[in-house]
Amino acid sequence: MARYRDLFYSFFKIGTFTIGGGYAMIPLMEDIIVDKRHWLDREEFMDILSVSQAMPGVFAVNMATNIGYKLKGVKGSVVAVVGNIIVPVAIILLLAMFFRQFRENQVVEAIFKGLRPAVVALIAAPVFKMAKTARISWQNVWIPIFSALLIWLLGVSPVIVILVAAIAGFVYSRIKIWKEGSAR
């Protein structure tokens, strides 16, 4: 089981070495929490990821809060969150102090432009891994695509998409159970 020190260090490492934050930290978080430490299995990790996405607030903090709570209760949540945010908060404070001086600098602007494609790749990689874990197949790939198009092209609220998907999943599972029961 997780010790507070190990929990802090793991989330400190995640917060320190993830460029792009949020979804870009999913591969590192999954590698540490699921693959190396074996604190959660993939299903538990995906469940926490889903809940964390639906919660208001910063995704990384939500993940740290939920994983810390699952492992060590309220104290675990605090330890994981502090470990996760301490370095990024320090970096943001330093950047805020000096950014005005470098805002117009061509080199700094070029660095930020160069980081953008890398961040997109860091976000894209866990999407494919999550699709595999969530059992997205050629039969049901239309669901996330259709959902994304509803949000992106038609401006449908993600909350509505999530609620409709949850209700549809519940109804589908009830129908499936009913069919299996009547087939016996």
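The values are calculated or read from the model by the stated rules, or taken from the named source; none is laboratory data. Given the structure is predicted, the values throughout are model-derived calculations rather than measurements. Cβ sites come from the backbone with ideal geometry, for glycine too, and all protein chains shown count toward neighbours. Accessible surface areas use protein heavy atoms only, side chains included; no ligands, DNA or RNA. Shrake-Rupley method; radii C 1.70, N 1.55, O 1.52, S 1.80 Å.
Looking at (1) outside any helix (DSSP H, G or I); (2) more than 26 Å from A131 (Cβ to Cβ), which is the only condition P56 fails?
In the conditions (1) outside any helix (DSSP H, G or I); (2) more than 26 Å from A131 (Cβ to Cβ), P56 misses (2) alone.
Go over the candidates Y9, Y23 one by one and state the one that is touching a Pro at 6+ places or on another chain (Cβ under 7 Å), open to solvent by 70 Å² or more (accessible area, probe 1.4 Å) and in a helix (DSSP H, G or I).
Y23
Identify, from the list V78, V58, V82, V51, the residue that is modelled with pLDDT of 90 or more, under 14 Å from the mean Cα position of the chain (by Cα) and surrounded by fewer than 19 Cβ atoms within 10 Å (Cβ to Cβ).
One residue alone meets the criteria, V51.
Can you tell me which residue among R116, R100, R135 is at positive phi and either touching a residue at least 24 places away in the same chain (Cβ under 8 Å) or not β-branched (V, I, T) (or both)?
The unique qualifying residue is R135.
Each row is one residue, and each column tells you yes or no for (1) surrounded by 10 or more Cβ atoms within 10 Å (Cβ to Cβ); (2) assigned to a helix (DSSP H, G or I).
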site	(1), (2)
V127	yes, yes
M130	yes, yes
R135	no, no
L153	no, yes
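Please determine whether any residue of the range 34-46 is open to solvent by 50 Å² or more (accessible area, probe 1.4 Å), in a loop (DSSP other than H, G, I, E, B) and either at negative phi or at pLDDT below 90 (or both).
yes
Of the residues that make up the range 88-105, is at least one assigned to a helix (DSSP H, G or I), buried (at least 18 other Cβ atoms within 10 Å of the Cβ) and within 17 Å of the chain's Cα centre (by Cα)?
Checking the range 88-105: not a single residue is assigned to a helix (DSSP H, G or I), buried (at least 18 other Cβ atoms within 10 Å of the Cβ) and within 17 Å of the chain's Cα centre (by Cα).
State whether one or more residues within the range 120-130 are more than 22 Å from the chain's Cα centre (by Cα) and not charged (D, E, K, R).
No, the range 120-130 contains no residue that is more than 22 Å from the chain's Cα centre (by Cα) and not charged (D, E, K, R).
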